[in-house]
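**Student:** Please find one structure pasted underneath; my questions will follow.
The values are calculated or read from the model by the stated rules, or taken from the named source; none is laboratory data. All values derive from a computational prediction rather than experimental measurement. A quick note on method: Cβ atoms are made from the backbone with ideal geometry, for glycine too, and the neighbour counts reach across all protein chains shown.
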Amino acid sequence: MSEQNDGQRFDRLPETPDERTVEGRVSREEVLEYFEDRFAIPPATFDEHTFWEKGAGKIWIYCGDAPTPIEIEAMGMTCLRTRQEHWKPTTDFAQRFGRHAEACVIELEREEARAFAAGEDQELEWDGDWGYLIAGHRIADGLEPLGIGLYVHGELRSMVPKGRQREL
Amino acid sequence: MEPLERYRPIVDDFEAFLAACRRPLGNAVRINTIKASVERATAALEEESVAYDQADWNPRVLRLETDSPGSTWASFHGFTHGQEEVSAVPPVVLDPEPGERVWDACAAPGGKATQLSALMNDEGTVVANDSNLGRISALRFNAERLGATNLAVTNADARNYSLQRFEFDAFDRTLVDAPCSCEGTIRKNPDALEDWSEDHLASVSGIQKGILRRAVQATREGGTVVYSTCTFAPEENEEVVQHVLEAEDCRVVDFHLDLEYAPGLTEWDGEEFDETLEHAARIYPHHNDTGGFFVAKLEVTA
Ligand SMILES: C[S@@+](CC[C@H](N)C(=O)[O-])C[C@H]1O[C@@H](n2cnc3c(N)ncnc32)[C@H](O)[C@@H]1O
């Protein structure tokens, strides 16, 4: 395993850890396991999608055609940050796929959702696991994911990136 | 409004046209069906007491009665995307199918590219290209916000675009929403005509011809190319299509659109164009109370 990650291009993730040729690169299997273990998102949700790494630890989800490796600006969306102790899903991923999640989803009241969307941290009760959660709220007769929050010490920290924050 | 005088001979009810060009345009959004159905998106707006009017020709286009269409829950969730009503026309005319390979040659900031993704149910491939690196970040931001996972972004000059980076050698459909003099955006942007000059028309027309030629070449036989601009100038519209009809293997085809519009021109300033250019659409601001647009649909014949 002598190859290093090349930050200039997209490489498709290997299916399994055994097929890994680049140091530290996660496999598709591990990504699916993470989404299932943490959020109970069924792996079949991603049957049509491929996962790619560009930039160390930055994982992208895509469903179009493309050879690997490929040097382009973007493909699909960034979905997950790996190569760190606690993997961190993105806000855009949570909004796009979070409806499939059945665990580690914290439901917010309207005012709490407003604070979350504005990027604010808030004290909240939660008896589930600490760490990254999908925050959602009820809108138009359904629970709709807002983004990713970090829950620690009785506090939910909004991870909504600056450019996506809104005063609602 | 001075530069628009040259269109007096070709625009029906020219005074109504000028009056419409002077009226500011309201806010419109497109419903992003990747994230919400039309029912759900409109229900979300109703919950927030945001009044809207659904466009007759397209239930996914809403005119909103709010000054800040970006500050709704529907927008935060990516159920809606701010997009001018006529700007939603070219992807509908291109009419891509789920699973196809589609090229958006001039895609930033991505309103139409993400609309193409949505029309394809986020299946297949949309290659969204733009030559301006500075505009690529807005394109990426919009694609991610709207959840388009079938969209790939490239940064290249469309005039000599290479397909080598992908595995395939032709697209099924291509949209050329060309850089233009933007006369038709005057209602949104009152300065739109400030730098207007015939020289500018001529130079931008050259770029448009180069991009449209490459688009026809990069599209498979039997495939579709849609050419659109937000300008009235025939030099940037019919003349560009005419040039490509002569230089490449393609023909102009008819399409159906439930909007009021005028047919494309068959002559301008002493120059004659192919009679099939009548199948193109000139959407003037007074027709449907929108911005201005030109759309032509081509079929690749070899
Ligand atoms: C009318 S705008 C496109 C708007 C876009 N289709 C949308 O719906 O959001 C035209 C775009 O063409 C790009 N452009 C100009 N010359 C180009 C070229 N030679 N190749 C590719 N893109 C070009 C500009 O940077 C600009 O973003």
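**Student:** Check B:36, B:41, B:51, B:55 and return the single one that is more than 16 Å from the ligand (Cβ to nearest atom) and touching a His at 6+ places or on another chain (Cβ under 8 Å).
**Tutor:** It is B:36.
**Student:** Regarding residue B:20, is this residue of a type outside the set (D, E, K, R), in a helix (DSSP H, G or I) and not assigned by TED's automatic domain parsing to the domain that holds residue B:147?
**Tutor:** It is false that residue B:20 is of a type outside the set (D, E, K, R), in a helix (DSSP H, G or I) and not assigned by TED's automatic domain parsing to the domain that holds residue B:147.
**Student:** Here is a further query. In segment B:233-251, what count of residues is obtained for those that are closer than 17 Å to residue B:218 by Cα, out of contact with any Cys (no Cβ under 8 Å at 6 or more places or on another chain) and of a type in the set (A, V, I, L, M, F, W, C)?
**Tutor:** 4
**Student:** Here is a further query. Based on this model, can you work out whether residue B:167 counts as acidic (Asp, Glu) and either in contact with a His (Cβ under 7 Å, 6 or more places away or on another chain) or within 23 Å of residue B:279 (Cα to Cα) (or both)? Explain how you work it out, then say what you get.
**Tutor:** Values: acidic (Asp, Glu): yes; either in contact with a His (Cβ under 7 Å, 6 or more places away or on another chain) or within 23 Å of residue B:279 (Cα to Cα) (or both): no.
Judged against the criteria, residue B:167 is not a match.
**Student:** Taking residue B:136, is it without any contact (Cβ under 8 Å) to a residue 60 or more places away in the chain and buried (at least 22 other Cβ atoms within 10 Å of the Cβ)? Working first, answer last.
**Tutor:** Working: without any contact (Cβ under 8 Å) to a residue 60 or more places away in the chain: yes; buried (at least 22 other Cβ atoms within 10 Å of the Cβ): yes.
So residue B:136 passes the test.
**Student:** Given the conditions (1) in contact with a Pro (Cβ under 9 Å, 6 or more places away or on another chain); (2) in contact (Cβ under 8 Å) with a residue 24 or more places away in the chain, which single one is not true for residue B:210?
**Tutor:** (1)
**Student:** I've got another one for you. Please state which one of B:224, B:276, B:266 is touching a strand residue (DSSP E or B) at 6+ places or on another chain (Cβ under 8 Å) and in contact (Cβ under 8 Å) with a residue 40 or more places away in the chain. It would help to see each step written out before you state the result.
**Tutor:** Working: B:276 fails: in contact (Cβ under 8 Å) with a residue 40 or more places away in the chain; B:266 fails: in contact (Cβ under 8 Å) with a residue 40 or more places away in the chain.
The unique qualifying residue is B:224.
**Student:** From (1) within 16 Å of the ligand (Cβ to nearest atom); (2) of a type outside the set (Gly, Ala, Ser); (3) in contact (Cβ under 8 Å) with a residue 40 or more places away in the chain, pick out the condition that doesn't hold for residue B:79.
**Tutor:** (1)
**Student:** A further question on this structure: Tell me, please, whether a residue that is assigned to a helix (DSSP H, G or I) and either within 12 Å of chain A (Cβ to nearest Cβ) or at pLDDT 95 or above (or both) can be found in segment B:56-68. Break it down stepwise before answering.
**Tutor:** Filtering segment B:56-68 down to residues assigned to a helix (DSSP H, G or I) leaves none.
No, segment B:56-68 has no match at all.
Yes/no per residue for (1) over 24 Å from residue B:107 (Cα atoms); (2) among the acidic types (Asp, Glu); (3) surrounded by fewer than 21 Cβ atoms within 10 Å (Cβ to Cβ):
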residue: A:5; (1), (2), (3): yes, no, yes
residue: A:36; (1), (2), (3): yes, yes, yes
residue: A:69; (1), (2), (3): no, no, yes
residue: A:82; (1), (2), (3): yes, no, yes
residue: A:89; (1), (2), (3): yes, no, no
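**Student:** Only one of B:157, B:177 is touching a helix residue (DSSP H, G or I) at 6+ places or on another chain (Cβ under 6 Å) and of a type in the set (Asp, Glu). Can you tell me which?
**Tutor:** Only one candidate qualifies: B:177.
**Student:** Residues of segment B:220-257 being surrounded by fewer than 23 Cβ atoms within 10 Å (Cβ to Cβ), in contact with a helix residue (DSSP H, G or I) (Cβ under 7 Å, 6 or more places away or on another chain) and part of a strand (DSSP E or B), which ones?
**Tutor:** B:251, B:253
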